[in-house]
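Read the structure below first, then the notes.
The values are calculated or read from the model by the stated rules, or taken from the named source; none is laboratory data. Owing to the predicted nature of the structure, the values given are computational and were not obtained by experimental measurement. Glycine also receives a Cβ, built like all others from the backbone with ideal geometry; neighbour counts cover every protein chain displayed.
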Amino acid sequence: MTLQKGLSSRSARAANPPPAAVETRFVNGMRLCAPHWLAVALIVTAVLAGTPWLWKKIERFDTGPDYRIPYALSKDYWLYERGLQRMTPANIPVIGDSVIWGEYVQPDGTLSHFLNEQSRQPGKFVDAGVNGMFPLALEGLLQYYGKPLSHRKVILHCNLLWMSSPKADLHTTKEERFNHADLVPQFYPRLPCYKADLNHRLVAMVERHFTFSEWANHLQITCFGQKNLPAWTLEEDGSSPPQHPNAYKNPLAQITLSVPPEPSPDPDRGPNSPRHKPWSMTGEGSTRFEWIELEQSLQWAAFRRLVQLLRSRDNDVLILLGPFNEHIMAEENRPSFRRLRDNVVQWLAMNDLPCIVPDPLPSALYADASHPLTDGYQLLAKHLFSDELFQKWLASPAKTGP
């Protein structure tokens, strides 16, 4: 009887099997409703907007009368803008490329330093130059990061070196690699030698308008050797077989909350540096330049747009043209150079832009075609302060508002 009941029960279960287990998904998930998504959006927005702002408050950034952006941080445009934000209404920034920055000299050997010395007002003139800059990139730098310069006097350097050849003018069709490519026009005007892919161009354009991305770039430059985190982690040490010294390091330990200063002393700059010597001692002979006509020059077109940009921001602009090292130039090259220089001066005069064209410095005070040595900057500052136009421009009221 018991066996019969067991068989009957087993037969009943076989005829009517239990329902299959229902698969349960999103066990650990949470479905967000509209208010939840709004809360997430607000949190993400607060983090993206608040992190760069908070970082400025907690990161140590020491500047002084002779401060300039360190060579290793030349592409840290977010830091450049922070430096400009520290200026007072009485400061006069000196804007330009490595000639203004001081390629061969220490911070106390630059043009801005000796202008301060002549004025007897430490810190009045600010070194707003960036190493490796040129008009097409300087235009982008000031357009997107130079708004703190508005409504003040500025000295803008015009270096004719950037029109000395098709390559310097970025006019060649062959691909060329150059500094500060993220700052140049990505689509228009077209630069024949700039062959970056579409993704790179779009990223470069987005970063100019996205403060969080600018801050992330600042972090990479100051803490991770100008590399993103994966590249820094996998960096090789150059040995054979290659080793990866950063593979087991804690990335957070790299963040010091302090902007790296310029090396002091700098082995590559200053009177004690082997690079700090007259161009004639380097073994180089006369140089022949392929001067570009102004109407065809991409760099000159960018310089004109840059001047208009500064004027649109109510800047009182003084142009410093040169001094170019004419001693290094082949004799047959000089008429073309002087014609180019005179055409620049004519355009500036037609547009009511005060311009100072100092005489060439003595040959021994140049390190190359356009960079003075320390004594050259000192002599140039003396020439500027003895110039009547410069004194008149200094004495005129500064523009302090729109």
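Quick notes on this one:
- The set of residues from segment 70-103 being under 23 Å from Lys277 (Cβ atoms) and β-branched (Val, Ile, Thr) comprises Val99, Ile100.
- Filtering segment 158-184 to residues that are surrounded by fewer than 21 Cβ atoms within 10 Å (Cβ to Cβ), part of a loop (DSSP other than H, G, I, E, B) and without any contact (Cβ under 8 Å) to a residue 60 or more places away in the chain leaves Lys167, Thr172, Thr173, Lys174, Glu175, Glu176, Arg177, Phe178.
- Extreme residue, surrounded by the fewest Cβ atoms within 10 Å (Cβ to Cβ), among residues of segment 272-288 that are part of a loop (DSSP other than H, G, I, E, B) and at pLDDT 90 or above: Pro274
- Filtered residues of segment 356-387 (kept if without any contact (Cβ under 8 Å) to a residue 60 or more places away in the chain, more than 28 Å from Met281 (Cα to Cα) and not small (Gly, Ala, Ser)): Ile356, Asp387
- Within segment 185-195, the set of residues being surrounded by fewer than 16 Cβ atoms within 10 Å (Cβ to Cβ) and in contact (Cβ under 8 Å) with a residue 12 or more places away in the chain comprises Phe187, Pro189, Pro192, Lys195.
- All helices (runs of 4 or more DSSP H) inside segment 80-150 with 1 or more residues being acidic (Asp, Glu) and modelled with pLDDT of 95 or more: 111-119, 135-145
- Screening Arg304, Arg334 for residues that are out of contact with any strand residue (DSSP E or B) (no Cβ under 8 Å at 6 or more places or on another chain), surrounded by fewer than 16 Cβ atoms within 10 Å (Cβ to Cβ) and either assigned to a helix (DSSP H, G or I) or among the hydrophobic types (A, V, I, L, M, F, W, C) (or both) leaves exactly one candidate, Arg334.
- Number of the exception - Ala20 against (1) at pLDDT below 90; (2) not in a loop (DSSP other than H, G, I, E, B): (2)
- Selection within segment 196-238 - over 22 Å from Leu48 (Cβ atoms) and either of a type in the set (Gly, Ala, Ser) or touching a residue at least 60 places away in the same chain (Cβ under 8 Å) (or both): Ala196, Gly225, Gln226, Ala231, Gly238
- Only listed residue being closer than 27 Å to Tyr77 by Cβ, basic (Lys, Arg) and buried (at least 17 other Cβ atoms within 10 Å of the Cβ), chosen from Arg269, Arg311: Arg269
- If only residues of segment 363-397 that are assigned to a loop (DSSP other than H, G, I, E, B) and out of contact with any His (no Cβ under 8 Å at 6 or more places or on another chain) are counted, the one that is farthest from Phe289 (Cα to Cα) is Pro397.
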